[in-house]
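The values are calculated or read from the model by the stated rules, or taken from the named source; none is laboratory data. Not measured: the values here are computed from a predicted model. Note that each Cβ is placed from the backbone with ideal geometry, even for glycine, and that neighbours are counted across all protein chains shown. The area values use the complete protein model at the heavy-atom level, side chains included, leaving out ligands, DNA and RNA. Shrake-Rupley method; radii C 1.70, N 1.55, O 1.52, S 1.80 Å.
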Amino acid sequence: NPSKIEREKGEYYRTRFQLAFRYLPPAHVMDRFALYIIGDTAAIMSFETGNLIGIKVVNVHLAENLTKLFDGLWSISAPQKGRKP
């Protein structure tokens, strides 16, 4: 996410115990949108101009499902391995 404050907090995130953070490549970016999953808590935030919204959900099953959703986006964003023509 292009948020200046998010980029400034990058070093903080790197130093947290058992915390991973990933950014989707530009081809699959979710513009002005952030998803945080920590344990059984998921926070979904929109940074759209004039449409700021945040949702916090504390439910282990929903957090696991959102993790799978993000992992799916991550896997289709990764360079595909295959045979060379």
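Residues that are at pLDDT 80 or above and open to solvent by less than 70 Å² (accessible area, probe 1.4 Å): find the helices (runs of 4 or more DSSP H) completely inside the chain holding 3 or more of those. Spell out the reasoning first.
On the way: elements: 4-8, 10-14, 60-77.
Helices (runs of 4 or more DSSP H) meeting the threshold: 60-77.
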Legend entry - Pair list, Cβ under 6 Å, 6 or more apart: segment 43-68 residue within 21 Å of D31 (Cα to Cα) and in contact (Cβ under 8 Å) with a residue 12 or more places away in the chain, other residue assigned to a strand (DSSP E or B) and open to solvent by 90 Å² or more (accessible area, probe 1.4 Å): A43/K56; S46/I53
